[in-house]
1. Taking the range 16-44, which residues are under 18 Å from the mean Cα position of the chain (by Cα), in a loop (DSSP other than H, G, I, E, B) and loosely packed, with under 14 Cβ neighbours inside 10 Å?
2. Just checking, which of Pro47, Pro3, Pro77 is assigned to a loop (DSSP other than H, G, I, E, B), open to solvent by 60 Å² or more (accessible area, probe 1.4 Å) and modelled with pLDDT under 85?
3. Filter the range 108-120 down to residues that are out of contact with any Asp or Glu (no Cβ under 9 Å at 6 or more places or on another chain) and over 16 Å from Trp11 (Cβ atoms) and give me whichever is most open to solvent (accessible area, probe 1.4 Å).
4. With the condition kept exactly as written, say whether any residue in the range 54-66 is within 30 Å of Ala119 (Cβ to Cβ) and either modelled with pLDDT under 85 or exposed (fewer than 12 other Cβ atoms within 10 Å of the Cβ) (or both).
5. Of everything in the range 89-107, what is open to solvent by less than 60 Å² (accessible area, probe 1.4 Å) and not in a helix (DSSP H, G or I)? Give them in sequence order.
6. Test each condition in (1) open to solvent by 80 Å² or more (accessible area, probe 1.4 Å); (2) at pLDDT 85 or above; (3) closer than 30 Å to Leu115 by Cα for Gln83 and report the one that comes out false.
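The values are calculated or read from the model by the stated rules, or taken from the named source; none is laboratory data. Just so it is clear, the model here is predicted, and its values are computed rather than measured. Methodologically, a virtual Cβ is constructed for each residue, glycine included, from the backbone with ideal geometry; neighbour enumeration extends over all protein chains shown. The accessibility values were calculated without ligands, DNA or RNA, using every heavy atom of the protein model including side chains. Shrake-Rupley method; radii C 1.70, N 1.55, O 1.52, S 1.80 Å.
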Amino acid sequence: GSPFISGSALWVTKADKAQTKAVTQFLAWLAQPDQASTWHQETGYLPLTAAAFAKTPADYYKDLGQWHDLVAVYAKPAPPTGQGFRIHNYSSIRAKFHEILDKALNGNQPAVTALKLAASEANKLVKQR
């Protein structure tokens, strides 16, 4: 499917070859049906794979209202009109975000200040035509 992603995520930035290999191994482990099913159940996030959804016992959803049906919707392919969204100036926003994030990660700017600045700059760029 094509859920609108928001909230927490796993990010990898500027990794060397060894780090990239380790991240790849971790993500491969996490995507295994047993691991992904446990992750889904422990975090409440959408399952990472259809196999993880299938491995999640039905009784997990018994006290969660219509959550099972909602999660099942995301297992279906998205219609052509629902395969994502576009943000005007996205490439500029991404570049500005990385520039500001690098300053924070290098200790040149407090994290909260950097995030507020990134949001402000992104809002300006989105409005530009």
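1. Across the range 16-44, the qualifying residue is only Gly44.
2. Pro77
3. Lys116
4. No, the range 54-66 contains no residue that is within 30 Å of Ala119 (Cβ to Cβ) and either modelled with pLDDT under 85 or exposed (fewer than 12 other Cβ atoms within 10 Å of the Cβ) (or both).
5. Asn89
6. (2)
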